[in-house]
């Protein structure tokens, strides 16, 4: 998605960082009585390595058995599981997914999204109390809150 002509820093995980994140994901799945199956594991690894939003179709290459292209239902089921387990978030405005990097507790998700290069950074949004109050007053029972803020990342703003 990097259509810019300037240098960007990578936020993806590799080596020991990736191994630690995958071990933590496995621990969380076991604690929840869930399984991190091979397709789920490969999709999560790809999201963590990317460190930025990734579209489902871009995940299909190389995650099937023996490295071939996976079928769309396999990838979508893995993404749905990862989102439900709190290991990934769907970024609606980009129709893409990103690995959750804010810990294991269920939380409102917020993203700073660069309109130049497409990079995104997960943040803890500052508005959940007001949204929850409005939902309570309207009789809604919330299942989650997602905040998406668009602008320029530091690399694009500096270019």
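Only the coordinates and a few stated rules stand behind these numbers; no lab work does. None of these values were measured; they are calculated from a predicted model. Cβ atoms come from the backbone with ideal geometry, glycine included; neighbour counts cover every protein chain shown.
Evaluation of residue 46 against the conditions (1) more than 27 Å from residue 5 (Cβ to Cβ); (2) free of Cβ contacts under 8 Å to residues at least 40 places away in the same chain; (3) within 13 Å of the chain's Cα centre (by Cα) shows that the sole unmet condition is (1).
Looking for whichever is crowded, with 20+ Cβ neighbours inside 10 Å and not in a loop (DSSP other than H, G, I, E, B) here; the options are 27, 40, 77. Which one fits?
Details: 27 fails: crowded, with 20+ Cβ neighbours inside 10 Å; 77 fails: crowded, with 20+ Cβ neighbours inside 10 Å.
Of the residues listed, the single one that is crowded, with 20+ Cβ neighbours inside 10 Å and not in a loop (DSSP other than H, G, I, E, B) is 40.
Against the conditions (1) assigned to a loop (DSSP other than H, G, I, E, B); (2) more than 13 Å from the chain's Cα centre (by Cα), residue 57 satisfies every one except (1). Among the residues of region 83-96, those identified as under 11 Å from the mean Cα position of the chain (by Cα) and within 12 Å of residue 32 (Cβ to Cβ) are 86, 87. If the condition is being in contact (Cβ under 8 Å) with a residue 40 or more places away in the chain and within 19 Å of residue 31 (Cβ to Cβ), then region 79-95 contributes 81, 82, 85, 86, 87, 88.
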